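Take a look at the structure set out below.
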Amino acid sequence: AVPEGLPMSVTLSLALNMRRMLKTNNLVRKMHACETMGAITVICTDKTGTLTTGCFDVTDIQAHGISEPELLALLLSVEQKSTHPIAQAIVRYAKKQNISAINISEMHELAGHGVEAVIGGQEVLVGNIRLMKERVISIPEELSDKVATVVICAIGKKYAGHLLLSDTLKDDAVEAIAKLRKLGVTDIRLLSGDKKEIVESFAKRLDIDLAYGNLLPEDKATHIREMVEEPGKSVAFVGDGMNDAPVLALSHVGIAMGGLGSDAAIESADVVIQNDQPSKVATAIAIGRKTRTIVRQNIIGALGVKGIVLLAGALGYVTLWGAVFADVGVALLAVFNSVRILNRKVW
């Protein structure tokens with residue numbers, strides 16, 4: 001028979017893991033992640049707001065056929081209600097220039113592409129290069145080669161100007177990747193909706209070998225689904241945006257940024273990094289591995305002692321007190337062993 005306290009000691013190990021995680025600013029929302037984190041072999045991560053600050057700055061503006069204030073007024077009107085970091089950067093920039101918004105008749109968000117609106121009876125498109133190509137709108141060729149985030153505006157199917165924006169890495173982003181490699185997690189992939197050139201540039205700075213750009217939310221989902229179905233792989237996805245919610249749910253462990261992260265991403269995640277530091281992913285994996293080790297020790301130790309005592313009892317070498325120890329005493333030892341999680345020094 002299984003020692004009475006063994007199931008309780010395993011559950012206690014996971015509960016103490018949750019407490020240890022919380023001490024390192026990792027909030028575990030789903031208990032299964034306590035152990036699954038320790039088995040992670042592949043880390044896939046979003047870029048904007050996850051490895052970067054998500055605080056964009058406008059570095060250049062070019063208007064075509066209209067003045068720069070008119071271009072900014074259109075962009076402000078379309079982007080002012082969006083929570084996306086790029087939209088917020090445009091709104092900040094426009095307000096610094098004392099630009100006022102214009103009334104919008106209709107507006108539709110185009111996931112992974114941009115926004116479509118009707119302003120003053122004219123169709124206005126604001127979005128990325130992919131959107132302009134799909135709508136067969138001619139844009140300057142050099143925009144495709146820019147190693148920066150490009151936001152393009154088109155009025156009535158004609159190019160009206162663009163903005164260039166830049167993002168910066170979080171302070172511990174490089175450290176985060178280095179810690180993952182130190183733990184032996186070498187399959188690290190960067191998945192982003194940004195231009196391929198930008199994604200590859202950031203991947204090189206982070207020492208990430210596999211980088212994929214120009215991905216729509218469904219492309220990310222397909223990528224994760226394929227990896228999850230591969231035998232022997234345990235996949236974690238780290239993201240922060242509303243579009244990342246389906247991918248967080250598909251992965252074995254979904255990890256969301258708690259500060260910049262959208263409500264949808266946090267609700268879909270198994271683990272929430274409360275201070276938005278990507279290096280905490282490695283911390284969570286290290287704690288998860290220690291938890292798996294302790295749970296395994298508890299199970300093997302308890303069943304091993306129980307088996308020895310049962311065999312010895314059958315041969316007449318064990319008293320009643322020996323049987324009590326094999327049942328209650330071993331479970332108590334497993335509990336004491338589980339408490340070691342709280343004193344585990346991760347780094």
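The values are calculated or read from the model by the stated rules, or taken from the named source; none is laboratory data. What you see is a predicted model, and the numbers here were worked out from it, not measured in a lab. Quick reminder, even Gly has a Cβ in these numbers, built from the backbone with ideal geometry, and neighbours come from all protein chains shown. Just the protein is used for accessible areas: all its heavy atoms, side chains included, with ligands, DNA and RNA removed. Shrake-Rupley method; radii C 1.70, N 1.55, O 1.52, S 1.80 Å.
Just one of the numbered conditions (1) in contact (Cβ under 8 Å) with a residue 12 or more places away in the chain; (2) within 22 Å of Leu216 (Cβ to Cβ) is not true of Gly156; which one?
With respect to (1) in contact (Cβ under 8 Å) with a residue 12 or more places away in the chain; (2) within 22 Å of Leu216 (Cβ to Cβ), Gly156 is out only on (2).
For the condition open to solvent by less than 30 Å² (accessible area, probe 1.4 Å), closer than 30 Å to Pro217 by Cβ and of a type outside the set (Val, Ile, Thr), what is the one hit in Gly288, Gly322, Gly329?
When all the criteria are applied, what remains is Gly288.
Based on this model, can you work out whether Leu165 counts as in contact with a Ser or Thr (Cβ under 7 Å, 6 or more places away or on another chain), part of a strand (DSSP E or B) and modelled with pLDDT of 95 or more?
For Leu165, the condition - in contact with a Ser or Thr (Cβ under 7 Å, 6 or more places away or on another chain), part of a strand (DSSP E or B) and modelled with pLDDT of 95 or more - is not met.
Between a first residue in segment 189-214 that is at pLDDT 90 or above and assigned to a strand (DSSP E or B) and a second residue that is of a type in the set (Lys, Arg) and surrounded by fewer than 19 Cβ atoms within 10 Å (Cβ to Cβ), which pairs have beta carbons less than 9 Å apart while being 6 or more apart in sequence or on different chains?
Short answer, once both residue conditions are applied: Ala211/Lys196; Ala211/Lys204; Tyr212/Lys196.
Within segment 278-333, take every residue that is in contact with a helix residue (DSSP H, G or I) (Cβ under 6 Å, 6 or more places away or on another chain) and not in a helix (DSSP H, G or I) and give me the one that is farthest from Leu206 (Cα to Cα).
Val318
Quick one: in segment 98-116, which of the residues that are loosely packed, with under 14 Cβ neighbours inside 10 Å and either under 30 Å from Gly213 (Cβ atoms) or in contact with a Cys (Cβ under 8 Å, 6 or more places away or on another chain) (or both) is modelled with the lowest pLDDT?
The selected residue is Ala111.
Among the residues that make up segment 263-270, is at least one of them at pLDDT below 80, assigned to a loop (DSSP other than H, G, I, E, B) and of a type in the set (A, V, I, L, M, F, W, C)?
no
Given the criterion open to solvent by 10 Å² or more (accessible area, probe 1.4 Å), among the polar types (S, T, N, Q) and closer than 20 Å to Pro278 by Cα, identify the matching residue among Thr11, Thr41, Thr50, Thr59.
Checking each option against the conditions leaves just Thr41.
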